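The values are calculated or read from the model by the stated rules, or taken from the named source; none is laboratory data. What you are looking at is a predicted structure, and each value in this text was computed from that prediction instead of being measured. Note that we place each Cβ from the backbone using ideal geometry, even for glycine, and neighbour counts take in every protein chain shown.
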Amino acid sequence: MHLPAPILAFEDVAIESNPQYESAIWNISFALGPGELLLVLLDREHRLLPLADAAAGLERPLEGRVRFGGRDWQTLSADDAAAERGRIGRTFAEGGWVSNLDVEENIILAQRHHTQRSETELLDEAATLARQFGLPGLPVGNPSAYRRQDLQKAGCVRACLGEPVLLIVERPTEDVYADLIAPLVNVLLAARRRGTAVLWTTTDLSVWDDPGLRPTARCRMFGSRLHMVPN
């Protein structure tokens, strides 16, 4: 019987360090199928890695391949790669907000670009997600007007909008573990039941030890290398 390709697969991937990262990655291999969650514990000294950018096809490997839905990112045309990224949701460790757009415009920007859904439909779904993440409603106004903690919650709304097939969550609970962990886990569990794969990176041992996450696999980064840890 032919098995479907993993949603995300790293095959002996190596990426050199550059000024935007704190470490290279070397010889990394893993695969994520529908509904699976890989939890990665980062070194606190090496938090900014090319792992998420490589998963989204934004960083070219020096060696190896990164496949999304069975397709090597490096073989896709620019248009095809952009369309595939429309199926990925992501929280950004460094925020990732477009400063000249309001928060609600940031949240629906990718879905407006990649889908034919109406703005009203997107805003309604975003408002529902915002309440699930503990916000009183959909944030409006410039990102500079909001606390970092509220922007982290809004970033989770942006990532989960549109039921992506892959979620990349980079250190989402940093400084807001108590407020965010329960709603985030609940939303991700629902997404995993729909078949979404999740790549979650963290430096927080509370996240690493949280039994509610139910990761399929757990890894620790030591410098530039990934080491599997028994569940």
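Some values worked out for this structure:
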read-out	value
Unique residue being at pLDDT below 95 and surrounded by 15 or more Cβ atoms within 10 Å (Cβ to Cβ) when the list is 102, 150, 175	150
Flag if residue 117 is over 30 Å from residue 41 (Cβ atoms) and touching a residue at least 40 places away in the same chain (Cβ under 8 Å)	yes
Exclusive hit being in contact with a Phe, Trp or Tyr (Cβ under 8 Å, 6 or more places away or on another chain) and in a helix (DSSP H, G or I), set 226, 180	180
Exclusive hit being in a helix (DSSP H, G or I), among the aliphatic types (A, V, I, L, M) and out of contact with any Lys or Arg (no Cβ under 9 Å at 6 or more places or on another chain), set 157, 185	157
Residues of region 138-147 classified as out of contact with any helix residue (DSSP H, G or I) (no Cβ under 6 Å at 6 or more places or on another chain) and either part of a loop (DSSP other than H, G, I, E, B) or surrounded by 21 or more Cβ atoms within 10 Å (Cβ to Cβ) (or both), total	4
Residue match in region 112-132 (condition: modelled with pLDDT under 95, closer than 21 Å to residue 165 by Cβ and under 17 Å from the mean Cα position of the chain (by Cα))	no
Residue count, region 82-117 (criterion: farther than 24 Å from residue 197 by Cα and acidic (Asp, Glu))	3
Some residue of region 205-216 being of a type in the set (Lys, Arg), touching a residue at least 40 places away in the same chain (Cβ under 8 Å) and over 26 Å from residue 114 (Cα atoms)	yes
Set 183, 172, 164: member being out of contact with any strand residue (DSSP E or B) (no Cβ under 8 Å at 6 or more places or on another chain) and touching a residue at least 24 places away in the same chain (Cβ under 8 Å)	183
Exclusive hit being at pLDDT 90 or above, closer than 26 Å to residue 11 by Cα and not in a helix (DSSP H, G or I), set 192, 220	220
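Residues are listed down the side, and each one gets a yes or a no for (1) in contact with a Cys (Cβ under 8 Å, 6 or more places away or on another chain); (2) within 23 Å of residue 169 (Cβ to Cβ); (3) surrounded by fewer than 21 Cβ atoms within 10 Å (Cβ to Cβ); (4) without any contact (Cβ under 8 Å) to a residue 60 or more places away in the chain:
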residue: 6; (1), (2), (3), (4): no, yes, yes, no
residue: 14; (1), (2), (3), (4): no, no, yes, yes
residue: 31; (1), (2), (3), (4): no, yes, yes, yes
residue: 34; (1), (2), (3), (4): no, yes, yes, no
residue: 45; (1), (2), (3), (4): no, yes, yes, yes
residue: 51; (1), (2), (3), (4): no, yes, no, no
residue: 67; (1), (2), (3), (4): no, yes, yes, no
residue: 76; (1), (2), (3), (4): no, no, yes, yes
